[in-house]
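Chemist: Following this message is one structure expressed as structure tokens.
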Amino acid sequence: MAKLALRGVVKRFGDATVCDGIDLDVEEGQMVCLIGASGGGKSTLLRCINLLEVIEDGEIRLDGEDITVPGLDPQTVRSRIGMVFQSYNLFPHMTALENALLAPRLVKGQNSESDRQEIEGLFVRFGLADRMGNYPDQLSGGQQQRVAIVRALAMRPDVMLFDEITSALDPQLVGEVLDVLLQLKAEGMTMILATHEMEFARQAADKVCFLKDGKIIEEGPPSTLFTAPREADTQAFLARAIK
Ligand SMILES: Nc1ncnc2c1ncn2[C@@H]1O[C@H](COP(=O)(O)OP(=O)(O)OP(=O)(O)O)[C@@H](O)[C@H]1O
């Protein structure tokens, strides 16, 4: 596992500054939740960390190494930083197992029987043992999202980024995906989540960061941010935090 340190990260789209000098530390094995209004820059920040966006200023250090310096192969960095999106983005013509085997084989040349067994083990661990041979359209949204998580884990990442991964799910399927995150946390995975699941953040996060207009306006352990009067109505807290 690894740690991340962001310093002064700036990302603009035209005249709009979407990440406005973000400083963020994620220690090894921590789960950090990003919370904020739609358009606050959560997705963009995760995409910057995964090098899907080029930042205008600042540094993003993975175990001390600045991954934004020109010349670094983004693919190499991405193999260390897994990312899961709201839309599962599985290849529809491949089975769940084939989806998960693809990137390790293409990017890392992992094609051995033991590599395959390791990935099958991920399916077993996350309750998908009998779904490996199914195509995405034969799976529920919660199962597809768990397959997407397995696919990212198959690359043996040091850090995982999750962008609103339960937002497209029916409410009764949200829990099974959040359970996977709790398992990963228990195993010591370093994680950043952009989420609207306030109650989950309150219970599971080591640190919560509130984003507004591209800035972290408040951050700390949930015990200090979700204090009793706020806990009664977390949505009101969010409204207060982002108004
Ligand atoms: N490729 C892009 N080009 C131009 N503007 C963009 C681009 N991507 C994001 N933006 C803008 O950046 C701002 C932040 O978007 P972002 O998706 O990061 O917010 P968010 O906090 O993740 O919101 P949500 O909770 O709705 O996903 C928005 O105003 C959005 O329109």
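Chemist: Search region 33-56 for residues that are in contact (Cβ under 8 Å) with a residue 24 or more places away in the chain and within 12 Å of Leu161 (Cβ to Cβ) and pair each with any residue that is near the ligand (Cβ under 10 Å from one of its atoms) and in a helix (DSSP H, G or I) when their beta-carbon atoms are under 6 Å apart and the residues are at least 6 apart or on different chains.
Modeler: The qualifying pairs are Leu34/Lys42.
Chemist: From (1) of a type outside the set (Phe, Trp, Tyr); (2) crowded, with 18+ Cβ neighbours inside 10 Å; (3) touching a residue at least 60 places away in the same chain (Cβ under 8 Å), pick out the condition that doesn't hold for Leu225.
Modeler: Going through the list (1) of a type outside the set (Phe, Trp, Tyr); (2) crowded, with 18+ Cβ neighbours inside 10 Å; (3) touching a residue at least 60 places away in the same chain (Cβ under 8 Å), Leu225 breaks only (3).
Chemist: Any residue that is in a strand (DSSP E or B), of a type in the set (A, V, I, L, M), modelled with pLDDT of 90 or more and in contact with a Pro (Cβ under 7 Å, 6 or more places away or on another chain) - is there at least one of those in region 202-209?
Modeler: Among the residues of region 202-209, at least one is in a strand (DSSP E or B), of a type in the set (A, V, I, L, M), modelled with pLDDT of 90 or more and in contact with a Pro (Cβ under 7 Å, 6 or more places away or on another chain), which makes the answer yes.
Chemist: To continue, here is another question. Would you point out the residue of region 157-172, among those that are away from the ligand (no atom under 16 Å from the Cβ) and within 20 Å of Glu27 (Cβ to Cβ), that is surrounded by the fewest Cβ atoms within 10 Å (Cβ to Cβ)?
Modeler: Among those that are away from the ligand (no atom under 16 Å from the Cβ) and within 20 Å of Glu27 (Cβ to Cβ), it is Asp158.
Chemist: Could I ask something else about it? Just for region 21-57: of the residues that are more than 16 Å from the ligand (Cβ to nearest atom) and not in a loop (DSSP other than H, G, I, E, B), which one is nearest to Ala205 (Cα to Cα)?
Modeler: Met31
Chemist: Any residue in region 164-187 that is out of contact with any helix residue (DSSP H, G or I) (no Cβ under 9 Å at 6 or more places or on another chain) and among the hydrophobic types (A, V, I, L, M, F, W, C)?
Modeler: yes
Chemist: Hey, another quick one. Kindly list, by first and then second residue, each pair from a residue in region 125-146 that is in contact (Cβ under 8 Å) with a residue 60 or more places away in the chain to a residue that is assigned to a helix (DSSP H, G or I) and surrounded by 15 or more Cβ atoms within 10 Å (Cβ to Cβ), limited to pairs with Cβ atoms under 6 Å and residues at least 6 apart or on different chains.
Modeler: What qualifies is Gln145/Val177.
Chemist: Do the conditions hold for Asn111, that is, is it surrounded by fewer than 19 Cβ atoms within 10 Å (Cβ to Cβ) and more than 29 Å from Val77 (Cβ to Cβ)?
Modeler: No, not satisfied.
Chemist: Moving on to the next point. Looking at Ile216, Ile149, which is the one that is within 16 Å of the ligand (Cβ to nearest atom) and of a type in the set (Val, Ile, Thr)?
Modeler: So the residue among Ile216, Ile149 that is within 16 Å of the ligand (Cβ to nearest atom) and of a type in the set (Val, Ile, Thr) is Ile216.
Chemist: Restricting the first residue to region 12-29 and requiring it to be under 12 Å from Lys212 (Cα atoms) and among the hydroxyl-bearing types (Ser, Thr, Tyr), which pairs with a second residue that is modelled with pLDDT of 95 or more and in a strand (DSSP E or B) meet a Cβ separation below 7 Å and a spacing of at least six or different chains?
Modeler: Thr17/Val10
Chemist: Return a yes/no flag: does region 11-24 have any residue that is under 25 Å from Leu102 (Cα atoms) and surrounded by 21 or more Cβ atoms within 10 Å (Cβ to Cβ).
Modeler: So far as region 11-24 goes, no, none of its residues is under 25 Å from Leu102 (Cα atoms) and surrounded by 21 or more Cβ atoms within 10 Å (Cβ to Cβ).
The values are calculated or read from the model by the stated rules, or taken from the named source; none is laboratory data. Source: prediction; values computed, not measured. For neighbour counting, all protein chains shown are included, and Cβ atoms are generated from backbone atoms with ideal geometry for every residue, glycine included.
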